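Here's the structure, in C-alpha coordinates; my notes come after.
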Amino acid sequence: MRVIRSKLAALLAASVTMAGCANGQPPLATVDYVDLDRFMGDWYVIANIPTFLEKGAHNAVETYERDTDGSIATTFVFQKDGFDGKRKEYNPRGFVTDTETNAVWGMRFVWPIKADYRIVYLTEDYSRTVIARNKRDFVWIMARTPTIPEEDYQAIIERVEAMGYDIGKVRRVPQRW
(Lines give C-alpha, C1' and ligand atoms only; values in the text may rest on other atoms or scores of the structure.)
Protein backbone atom coordinates (compact mmCIF):
# COMPACT_ATOMS: atom_id res chain seq x y z
CA MET A 1 0.00 0.00 0.00
CA ARG A 2 2.87 2.40 0.84
CA VAL A 3 4.42 1.81 -2.61
CA ILE A 4 1.10 2.58 -4.32
CA ARG A 5 0.74 5.83 -2.34
CA SER A 6 4.30 6.84 -3.20
CA LYS A 7 3.75 6.17 -6.89
CA LEU A 8 0.43 8.03 -6.83
CA ALA A 9 2.06 11.01 -5.09
CA ALA A 10 4.88 11.04 -7.67
CA LEU A 11 2.38 10.84 -10.53
CA LEU A 12 0.32 13.72 -9.11
CA ALA A 13 3.41 15.87 -8.58
CA ALA A 14 4.62 15.18 -12.12
CA SER A 15 1.18 16.00 -13.54
CA VAL A 16 1.06 19.34 -11.73
CA THR A 17 4.60 20.20 -12.85
CA MET A 18 3.95 19.31 -16.50
CA ALA A 19 0.59 21.07 -16.52
CA GLY A 20 2.40 24.32 -15.72
CA CYS A 21 4.12 24.17 -19.12
CA ALA A 22 1.22 22.66 -21.05
CA ASN A 23 -0.05 25.98 -22.39
CA GLY A 24 2.97 26.29 -24.70
CA GLN A 25 4.00 29.70 -23.36
CA PRO A 26 7.49 30.37 -21.99
CA PRO A 27 8.00 30.44 -18.22
CA LEU A 28 7.08 33.73 -16.61
CA ALA A 29 9.91 36.04 -15.65
CA THR A 30 10.01 36.82 -11.96
CA VAL A 31 11.32 39.86 -10.15
CA ASP A 32 15.10 39.91 -9.75
CA TYR A 33 15.07 39.54 -5.97
CA VAL A 34 12.61 39.39 -3.07
CA ASP A 35 13.73 40.40 0.42
CA LEU A 36 11.65 37.81 2.27
CA ASP A 37 11.59 39.77 5.52
CA ARG A 38 10.12 42.80 3.74
CA PHE A 39 7.64 40.61 1.83
CA MET A 40 6.23 39.05 5.00
CA GLY A 41 3.04 40.43 6.53
CA ASP A 42 -0.44 41.24 5.29
CA TRP A 43 -1.38 41.57 1.62
CA TYR A 44 -4.92 42.59 0.61
CA VAL A 45 -6.14 40.80 -2.50
CA ILE A 46 -7.16 43.60 -4.85
CA ALA A 47 -8.07 41.38 -7.81
CA ASN A 48 -7.51 37.87 -9.08
CA ILE A 49 -8.49 35.10 -11.38
CA PRO A 50 -10.08 33.19 -8.54
CA THR A 51 -9.60 29.55 -7.69
CA PHE A 52 -12.75 27.63 -6.79
CA LEU A 53 -12.01 28.35 -3.11
CA GLU A 54 -11.91 32.11 -3.67
CA LYS A 55 -15.11 32.63 -5.65
CA GLY A 56 -17.29 35.10 -3.79
CA ALA A 57 -14.46 36.27 -1.51
CA HIS A 58 -14.80 39.65 0.20
CA ASN A 59 -12.13 41.32 2.38
CA ALA A 60 -9.54 38.75 1.27
CA VAL A 61 -6.16 39.02 2.98
CA GLU A 62 -3.13 36.78 2.63
CA THR A 63 -0.56 36.89 5.44
CA TYR A 64 2.95 35.47 5.24
CA GLU A 65 5.25 34.65 8.14
CA ARG A 66 8.68 33.05 7.97
CA ASP A 67 8.93 29.88 9.98
CA THR A 68 12.05 28.63 11.76
CA ASP A 69 12.44 25.82 9.18
CA GLY A 70 12.64 28.38 6.34
CA SER A 71 9.13 27.73 5.03
CA ILE A 72 6.45 30.40 4.83
CA ALA A 73 3.43 29.98 7.11
CA THR A 74 0.52 31.41 5.15
CA THR A 75 -2.92 32.45 6.36
CA PHE A 76 -5.56 33.30 3.78
CA VAL A 77 -8.83 34.68 5.16
CA PHE A 78 -11.97 36.16 3.63
CA GLN A 79 -15.72 36.50 4.06
CA LYS A 80 -17.67 34.19 1.72
CA ASP A 81 -20.25 35.79 -0.60
CA GLY A 82 -20.46 39.13 1.20
CA PHE A 83 -18.92 41.41 3.81
CA ASP A 84 -21.08 39.75 6.46
CA GLY A 85 -20.55 36.26 5.03
CA LYS A 86 -19.05 33.27 6.75
CA ARG A 87 -15.35 33.69 7.54
CA LYS A 88 -13.14 31.25 5.66
CA GLU A 89 -9.51 30.52 6.50
CA TYR A 90 -6.90 28.45 4.69
CA ASN A 91 -3.33 27.78 5.79
CA PRO A 92 -1.12 26.67 2.93
CA ARG A 93 2.63 26.56 3.39
CA GLY A 94 5.10 28.24 1.06
CA PHE A 95 8.50 26.83 0.16
CA VAL A 96 11.05 29.05 -1.58
CA THR A 97 12.37 26.98 -4.47
CA ASP A 98 14.64 29.59 -6.06
CA THR A 99 16.84 30.85 -3.22
CA GLU A 100 18.85 33.07 -5.56
CA THR A 101 15.84 35.34 -6.20
CA ASN A 102 13.35 34.15 -3.53
CA ALA A 103 10.72 34.85 -6.20
CA VAL A 104 9.67 31.27 -7.00
CA TRP A 105 7.80 29.30 -4.38
CA GLY A 106 5.91 26.08 -4.16
CA MET A 107 2.64 26.65 -2.29
CA ARG A 108 1.37 23.51 -0.62
CA PHE A 109 -2.33 23.21 0.22
CA VAL A 110 -2.31 19.40 0.15
CA TRP A 111 0.74 17.21 0.68
CA PRO A 112 2.80 16.45 -1.42
CA ILE A 113 1.73 18.86 -4.16
CA LYS A 114 3.33 22.29 -4.27
CA ALA A 115 1.58 24.65 -6.66
CA ASP A 116 3.55 27.07 -8.83
CA TYR A 117 3.75 30.51 -7.15
CA ARG A 118 5.81 33.25 -8.82
CA ILE A 119 6.37 36.80 -7.71
CA VAL A 120 6.36 38.50 -11.10
CA TYR A 121 5.86 42.10 -10.03
CA LEU A 122 6.83 43.90 -6.84
CA THR A 123 7.08 47.61 -6.29
CA GLU A 124 10.32 48.95 -4.88
CA ASP A 125 8.59 49.92 -1.63
CA TYR A 126 6.93 46.48 -1.31
CA SER A 127 3.46 48.03 -1.41
CA ARG A 128 2.09 46.09 -4.42
CA THR A 129 2.75 42.70 -5.92
CA VAL A 130 1.52 40.29 -8.56
CA ILE A 131 1.64 36.56 -7.97
CA ALA A 132 1.33 34.44 -11.10
CA ARG A 133 1.65 30.89 -12.39
CA ASN A 134 3.39 29.60 -15.51
CA LYS A 135 0.15 27.97 -16.58
CA ARG A 136 -1.47 31.44 -16.57
CA ASP A 137 -4.62 30.05 -15.02
CA PHE A 138 -4.62 32.04 -11.78
CA VAL A 139 -3.19 35.42 -10.82
CA TRP A 140 -3.35 37.61 -7.72
CA ILE A 141 -2.92 41.38 -7.57
CA MET A 142 -2.21 42.34 -3.97
CA ALA A 143 -1.35 45.45 -1.99
CA ARG A 144 -0.51 46.46 1.55
CA THR A 145 -3.68 48.56 1.58
CA PRO A 146 -7.26 47.46 0.78
CA THR A 147 -7.45 49.75 -2.26
CA ILE A 148 -5.08 51.23 -4.81
CA PRO A 149 -5.53 54.17 -7.19
CA GLU A 150 -7.38 53.25 -10.38
CA GLU A 151 -4.48 54.31 -12.63
CA ASP A 152 -2.14 51.97 -10.72
CA TYR A 153 -4.66 49.14 -11.00
CA GLN A 154 -4.97 49.66 -14.77
CA ALA A 155 -1.19 49.70 -15.19
CA ILE A 156 -0.94 46.39 -13.32
CA ILE A 157 -3.75 44.89 -15.43
CA GLU A 158 -1.85 45.88 -18.59
CA ARG A 159 1.25 44.18 -17.18
CA VAL A 160 -0.76 41.02 -16.42
CA GLU A 161 -2.19 40.98 -19.94
CA ALA A 162 1.32 41.36 -21.40
CA MET A 163 2.28 38.20 -19.48
CA GLY A 164 -0.26 36.25 -21.52
CA TYR A 165 -3.23 36.24 -19.14
CA ASP A 166 -6.84 36.59 -20.26
CA ILE A 167 -7.68 39.74 -18.31
CA GLY A 168 -11.38 39.17 -18.99
CA LYS A 169 -11.17 36.55 -16.23
CA VAL A 170 -9.69 38.94 -13.65
CA ARG A 171 -12.15 39.89 -10.91
CA ARG A 172 -11.81 42.66 -8.36
CA VAL A 173 -12.09 41.45 -4.79
CA PRO A 174 -14.43 43.67 -2.75
CA GLN A 175 -12.62 45.26 0.19
CA ARG A 176 -14.41 47.28 2.87
CA TRP A 177 -12.71 47.91 6.20
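The values are calculated or read from the model by the stated rules, or taken from the named source; none is laboratory data. This structure is a prediction, so every number in the text was calculated from the model and none was measured. All Cβ positions, even for glycine, are placed from backbone atoms using ideal geometry, and neighbour counts span all protein chains on display.
Quick notes
- The strands (runs of 3 or more DSSP E) found entirely in the stretch 1-94 that carry 3 or more residues being touching a Lys or Arg at 6+ places or on another chain (Cβ under 8 Å) and at pLDDT 95 or above are 41-49, 57-66, 72-80.
- Residue within the stretch 88-95 that is under 20 Å from ILE156 (Cβ atoms) and of a type in the set (S, T, N, Q) present: no
- One residue stands out among those in the stretch 111-128 that are modelled with pLDDT of 95 or more and assigned to a loop (DSSP other than H, G, I, E, B): the one that is surrounded by the fewest Cβ atoms within 10 Å (Cβ to Cβ), which is GLU124.
- Within the stretch 161-177, the set of residues being over 19 Å from LYS55 (Cβ atoms), in contact (Cβ under 8 Å) with a residue 12 or more places away in the chain and among the aliphatic types (A, V, I, L, M) comprises just one member, MET163.
- The stretch 146-177 - residue that is more than 17 Å from the chain's Cα centre (by Cα) and among the β-branched types (Val, Ile, Thr) and, of those, farthest from ASP84 (Cα to Cα): ILE148
- Scanning the stretch 95-110 for residues that are modelled with pLDDT under 95 and more than 17 Å from TRP140 (Cα to Cα) yields a count of 1.
- Screening the stretch 37-85 for residues that are under 23 Å from TYR126 (Cβ atoms) and of a type in the set (Lys, Arg) and picking the one that is surrounded by the most Cβ atoms within 10 Å (Cβ to Cβ) gives ARG66.
- Looking across the stretch 129-144, the residues that are in a strand (DSSP E or B), in contact (Cβ under 8 Å) with a residue 40 or more places away in the chain and not aromatic (Phe, Trp, Tyr) come down to THR129, ALA132, VAL139, ILE141, MET142, ALA143.
- Failed criterion for ASP137 (all others in (1) under 13 Å from the mean Cα position of the chain (by Cα); (2) buried (at least 19 other Cβ atoms within 10 Å of the Cβ) hold): (2)
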